[in-house]
Amino acid sequence: MENKIQVEEYIRTYDGIIGKILEDEDIGENGVYIDTTFLDDYADETNFVKYEDIKKHSFNIIDLIEEGDFIKIKDEYFEDVYLILDTESWLNRVKREMLNDYFKLVSIVTKEQFKNVEYEV
């Protein structure tokens, strides 16, 4: 990945980690430091991510959501709504509604993270 990532951008790794680049000093020659508190409210943790491990980056976190991700949103009628974006049409519909400010994204558990913690019976 080219070094075109900027401060205040969100990144998504191939492992499904999402984080935000907070300062100029967080962008290095070999990678970036990201703040992952968006994913984990219980820890103020920063992580180094190599450029080759970055799958996507964007100033809009909605662009990083993929089919299969588990998200929590709020809208004007319901406090918390949980969705697993199991099809491309659902993914596109939810992204469109977030762009129209109908839904507010609260949290994301990526499909890769979900896979890492599942227990199969």
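For region 1-35, the set of residues classified as under 13 Å from E52 (Cβ atoms), touching a strand residue (DSSP E or B) at 6+ places or on another chain (Cβ under 7 Å) and not polar (S, T, N, Q) consists of M1, I5, I11, Y14, G31, V32, listed by residue number. Checking each residue in region 1-13 for being at pLDDT 90 or above, in contact with a helix residue (DSSP H, G or I) (Cβ under 6 Å, 6 or more places away or on another chain) and of a type outside the set (V, I, T) picks out Y10, R12.
The values are calculated or read from the model by the stated rules, or taken from the named source; none is laboratory data. In this text the structure is predicted, and so the values were computed from the model without any measurement. Neighbour counts are summed over all protein chains in view; Cβ atoms, including those assigned to glycine, are modelled from backbone coordinates with ideal geometry.
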